[in-house]
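One structure is given here, and the rest of the page talks about it.
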Amino acid sequence: MTAMNNHKLKVFSGRANVPLAEKIAQCLGDPLGKLTLLNFPDGETWCRIDEDVRGRDVFVVQPTCPPVNENLMELLIILDSFKRASAARITAVLPYYGYARQDRKDVGRVPITAKLVADLLTSAGVSRVLALDLHAAQVQGFFNIPVDHLHASPVICDYIRMLQITPQVFVVLAPVVGCIKQVLSYHMLLGGFISR
């Protein structure tokens, strides 16, 4: 492997959403990195990286969607594997950040689990996080490493416009009060479409 190829980025995937990781790798013109993930009879996750990643810039695609605890633990194990394999930089790509809703103490004697997850990811070896539509922007501040907070609204709005839904039947809803700001943002983005 040449020195130039050795520093080229490489996309790997946990088991939570392999098709998404494959599409990302395909868009980059590179096959998905080789990684073996197995479960022992007691449910423990085992990981082995099946290619040399020393000095590489690796991206691990693993949403922590349901089953949240299982996918989060798998991500932590994958990150630790890359850290121990001497990857130069490890970026966790989190299309869904589990525990993000637990981002403050709204009552006494409760954890701030979004911060705990940030600490776990950092301890496991992540150098950077790429997250999509975090529950609250403040979650970025729970990390002591760079966080790229991306928003899906441009893609979602383009898709909604393509559907050509008439304004009389189009409704944007917030599942909880905390999402009202996001709903208003969608309303503004789709305003031209809705008023037709």
### Message
I need the full set of residues from the stretch 6-29 which are more than 15 Å from the chain's Cα centre (by Cα), of a type in the set (Lys, Arg) and modelled with pLDDT of 95 or more, in order please.
### Response
Lys10
### Message
Quick check on the stretch 121-151: of everything there that is assigned to a helix (DSSP H, G or I) and in contact with a helix residue (DSSP H, G or I) (Cβ under 6 Å, 6 or more places away or on another chain), which residue is surrounded by the most Cβ atoms within 10 Å (Cβ to Cβ)?
### Response
Val139
### Query
Could you list, in sequence order, the residues of the stretch 93-113 that are among the hydrophobic types (A, V, I, L, M, F, W, C), closer than 30 Å to Ala25 by Cα and part of a loop (DSSP other than H, G, I, E, B)?
Ala100
### Long-range neighbours under 8 Å by Cβ, at least six apart or interchain, first residue open to solvent by less than 80 Å² (accessible area, probe 1.4 Å) within the stretch 162-190, second modelled with pLDDT under 80 and among the hydroxyl-bearing types (Ser, Thr, Tyr)
Pro167/Ser195
### Query
Among all residue pairs at least 6 apart or on different chains, which show Cβ distances below 6 Å where the first residue, located in the stretch 27-56, is at positive phi and among the small types (Gly, Ala, Ser) and the second is open to solvent by 50 Å² or more (accessible area, probe 1.4 Å) and part of a loop (DSSP other than H, G, I, E, B)?
Gly55/Ala88
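Yes/no matrix, rows are residues, columns are (1) under 27 Å from Gln140 (Cα atoms); (2) in contact with an Asp or Glu (Cβ under 7 Å, 6 or more places away or on another chain); (3) at pLDDT 95 or above:
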| site | (1), (2), (3) |
| --- | --- |
| Ala3 | no, no, no |
| Pro31 | no, no, yes |
| Arg54 | no, no, yes |
| Asn71 | yes, no, yes |
| Ile90 | yes, no, yes |
| Tyr96 | yes, no, yes |
### Message
Only one of Leu79, Leu9, Leu75 is of a type in the set (A, V, I, L, M, F, W, C), under 16 Å from Val129 (Cα atoms) and open to solvent by 10 Å² or more (accessible area, probe 1.4 Å). Can you tell me which?
### Response
Leu9
### Task
Run down Tyr159, Tyr99 and say which single residue is within 22 Å of Gly14 (Cα to Cα), of a type in the set (Ser, Thr, Tyr) and open to solvent by 60 Å² or more (accessible area, probe 1.4 Å).
Tyr99
### Task
Quick one: which strands (runs of 3 or more DSSP E) lie wholly within the stretch 1-87 and hold at least 1 residues that are in contact with a helix residue (DSSP H, G or I) (Cβ under 7 Å, 6 or more places away or on another chain) and among the hydroxyl-bearing types (Ser, Thr, Tyr)?
9-13, 45-49
#### Entry: Residue check for Arg48: open to solvent by 30 Å² or more (accessible area, probe 1.4 Å) and among the basic types (Lys, Arg)
yes
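The values are calculated or read from the model by the stated rules, or taken from the named source; none is laboratory data. Predicted model only: the values in this text are computed from it and were never measured. Note: ideal-geometry Cβ built from the backbone for every residue, glycine included; neighbour counts use all protein chains shown. Surface areas here come from the heavy atoms of the whole protein model, side chains and all, with no ligands, DNA or RNA. Shrake-Rupley method; radii C 1.70, N 1.55, O 1.52, S 1.80 Å.
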